[in-house]
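*Asks:* My questions all concern the structure below.
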Amino acid sequence: MVTIGDVLAVIGTVVATVVSLWAMVIAVSVLFGERTARARERIEHSPGKVTLLGAVIALVLGIIVAALLNQPNGLLKLIGWVIYLLLLLTGAIGFSGLAALVGQRLKQMEPSLTPYGALSRGALFCVLATLVPILGWFVVGPLMGFASLGAGVEALLTRSHAVAPSQPANTTAS
């Protein structure tokens, strides 16, 4: 028998998850701005490539993590958890890049949006899109997750373009 308390617990869990994921996307975007911008560029310029890369990484490392977490040795379990948490952090950077891309496109549609407002709305739209029954759970969510993981890996592994130091202007005339 399902009571009203059970229903409220599920609703509260969903709301808390959405709010905390939204806040994490905003925090990661602010803390890792350069990496998030790189992830946004990767998703924008080669979405298929980063999605495929993320799917391969998730499959390979997912099997390794599952095997490590099922070992009786505590050190192997710790290594499994560390790999899992690194995957989550990488995915969070990529997901923040995806939210930044959505925010950038929202700002093009509504120029009066502030950068924070655009990022905030982009993050909320990305999070809420995964809640759509069936389509969001089994298609949109996994595709966004794979794209986020692939973009996060590429953003972390690529170096930024080296900027040449500016030359002082020659103000003396000969």
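*Asks:* Give the calculated FRET efficiency between Thr114 and Asp6 to the nearest 0.05, with a Förster radius of 35 Å applied to their Cβ-Cβ distance.
*Replies:* 0.30
*Asks:* On to the next question. May I ask you to evaluate 6.51 cos²θ - 1.76 cosθ + 1.60, the Karplus curve with θ = phi - 60°, for each residue of the range 94-103 and list the ³J(HN,Hα) values in order in whole Hz, giving x for glycine and proline?
*Replies:* For the range 94-103, the Karplus curve yields x, 5, 5, x, 5, 5, 5, 5, 4, x Hz.
*Asks:* Could you tell me which residue out of Ala66, Gly94, Leu128 lies farthest along the dipole of the chain toward its positive end? Charges go on the beta carbon: Lys and Arg +1, Asp and Glu -1, centred on the Cα centre.
*Replies:* Checked the options; the winner is Gly94.
*Asks:* Follow-up question, since we're still on this one. Take Thr90, Thr36, Thr17, Thr3 and order them by how many other Cβ atoms sit within 10 Å, fewest up front.
*Replies:* Thr3, Thr17, Thr90, Thr36
*Asks:* What distance in nm separates the two pseudo spin-label positions at Trp81 and Val132, each 7 Å out from Cα along the beta-carbon direction?
*Replies:* 3.7 nm
*Asks:* A follow-up question, please. If you build a Gaussian network model of the chain, linking Cα atoms that sit under 10 Å apart, which residue out of Leu89, Leu53, Leu78 swings the most?
*Replies:* Leu78
*Asks:* Order of Ser46, Ser20, Ser96 from fewest to most other C-beta atoms within 10 Å? Intermediate values should be presented prior to the final figure.
*Replies:* Numbers: Ser46 15, Ser20 11, Ser96 33.
Taking fewest neighbouring Cβ atoms as first place, the list is Ser20, Ser46, Ser96.
*Asks:* Work out from phi, with θ = phi - 60° and the Karplus expression 6.51 cos²θ - 1.76 cosθ + 1.60, the ³J(HN,Hα) of each residue of the range 61-72, listed in order in whole Hz, and give x for Gly and Pro.
*Replies:* Per-residue couplings from phi come out as 6, x, 5, 5, 5, 4, 5, 5, 5, 8, 7, x Hz.
*Asks:* Can you work out ³J(HN,Hα) from phi for every residue in the range 41-58, in order, using Karplus 6.51 cos²θ - 1.76 cosθ + 1.60 and θ = phi - 60°, giving whole Hz and x for Gly and Pro?
*Replies:* 4, 5, 5, 5, 8, 9, x, x, 5, 5, 5, 5, 4, x, 5, 5, 5, 4
*Asks:* Could you line up Met109, Met144, Met1, Met24 from fewest to most neighbouring Cβ atoms inside 10 Å? Could the numbers behind the result be given before it?
*Replies:* On the way: Met109 8, Met144 23, Met1 3, Met24 16.
Going from least to most buried by this count: Met1, Met109, Met24, Met144.
*Asks:* Taking a quarter of the surface of the convex hull around the Cα atoms of the range 1-133, what do you get in nm²? Please list the in-between numbers first.
*Replies:* Details: hull surface 45.9 nm².
In nm², the orientation-averaged hull projection of the range 1-133 is 11.5.
*Asks:* Can you give the calculated 222 nm mean residue ellipticity of the chain, where each DSSP H run of n ≥ 4 adds -39,500 (n - 2.57) and the sum is split over every residue, rounded to the nearest 500 deg cm²/dmol?
*Replies:* Using -39500 (n - 2.57) per qualifying helix, the result is -26500 deg cm²/dmol.
No lab work stands behind these numbers, since they all come straight from the coordinates. Fair warning: this is a prediction, and the values are worked out from it, not measured in the lab. Positions of Cβ are generated from backbone atoms using ideal geometry, with glycine treated the same way; all protein chains shown enter the neighbour counts.
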